[in-house]
1. Which ones in the stretch 93-102 are within 26 Å of Ala19 (Cβ to Cβ) and either touching a Ser or Thr at 6+ places or on another chain (Cβ under 8 Å) or surrounded by fewer than 23 Cβ atoms within 10 Å (Cβ to Cβ) (or both)?
2. Filter the stretch 45-73 for residues that are over 12 Å from the mean Cα position of the chain (by Cα), over 15 Å from Val96 (Cβ atoms) and either part of a loop (DSSP other than H, G, I, E, B) or of a type in the set (A, V, I, L, M, F, W, C) (or both) and give the result.
3. Among all residue pairs at least 6 apart or on different chains, which show Cβ distances below 7 Å where the first residue, located in the stretch 109-136, is closer than 19 Å to Asp87 by Cβ and the second is among the β-branched types (Val, Ile, Thr) and at pLDDT below 95?
4. Within the stretch 121-135, how many residues turn out to be within 21 Å of Ala19 (Cα to Cα) and either of a type in the set (Lys, Arg) or assigned to a strand (DSSP E or B) (or both)?
5. Please go through the stretch 136-175 and pick out each residue that is surrounded by 13 or more Cβ atoms within 10 Å (Cβ to Cβ) and assigned to a helix (DSSP H, G or I).
6. Checking Val43 against (1) at pLDDT 95 or above; (2) within 20 Å of Val119 (Cβ to Cβ); (3) among the β-branched types (Val, Ile, Thr), which test does it fail?
7. Tally time: how many residues in the stretch 18-48 are closer than 20 Å to His80 by Cα and buried (at least 16 other Cβ atoms within 10 Å of the Cβ)?
8. Any residue in the stretch 116-130 that is of a type outside the set (A, V, I, L, M), within 17 Å of Ala68 (Cα to Cα) and surrounded by fewer than 19 Cβ atoms within 10 Å (Cβ to Cβ)?
Amino acid sequence: MAIFDKFGKKEESVEVPEALAIDAQPGIGYAPVSGRVIRMTDVPDKVFSTEILGKGCALWPDSGYVYAPASGWVGTAMGHAVTIKSDGGAEVLIHVGVNTVNLKGKGFTNFVSEGDRVVAGQPIIKMDRKVITEAGYQDCVVLAISNSADLADVELTAGFSEKVEAGDPILKVTF
């Protein structure tokens, strides 16, 4: 141990919650958080509301844990966002918050890394909602199918403004 190491900031350990019990089906997107469903066109960020990054939906979360909405392989894991190439071929983007990239990772803990295999319902991100809101950002969680233009359809199966639990089916992807 170097002499100055004792003055360094110690990282707090973050407890990883248990995975949700989901009998994952191909072509189904599961809610990454518990919360209230909002249409993609109502996300307060034009990049998402205009569906530039794909069709899907978002949720106003009730808690700070985010779960994999599909089984597959992690492409990117960068604090506020994780991408998953699902087993069925959908390219899934889970993005936490509006403009939270500006936090440069502060308030986020990733439980997965690039190249990891994930199963639907596995915890992937912990967000500190207080850090996000105190910085002046909104904490909606976006679930976008980034290759939706290459697919037959991406349909929201949960009702607008409906309260769902993490792991509930909310999207249907037709290949």
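The values are calculated or read from the model by the stated rules, or taken from the named source; none is laboratory data. Since we're looking at a predicted model, the values are computed, not measured. Heads up, the Cβs are rebuilt from the backbone with ideal geometry, glycines too, and the neighbour counts pull from every protein chain shown.
1. First pass over the stretch 93-102, keeping only residues within 26 Å of Ala19 (Cβ to Cβ): 93-97, 100.
Within the stretch 93-102, Leu93, Ile94 meet the criteria.
2. Thr50, Glu51, Ile52, Gly54, Ser71, Trp73
3. Pro123/Val16
4. 6
5. Ser148
6. (2)
7. Here the count works out to 14.
8. In the first step, residues of the stretch 116-130 are kept if they are of a type outside the set (A, V, I, L, M); the result is 116-117, 121-123, 126, 128-130.
If we keep only those that are within 17 Å of Ala68 (Cα to Cα) too, we end up with 116-117, 121-123, 126.
The next check asks that each one be surrounded by fewer than 19 Cβ atoms within 10 Å (Cβ to Cβ); those that pass are 116-117.
Yes, some residue in the stretch 116-130 is of a type outside the set (A, V, I, L, M), within 17 Å of Ala68 (Cα to Cα) and surrounded by fewer than 19 Cβ atoms within 10 Å (Cβ to Cβ).
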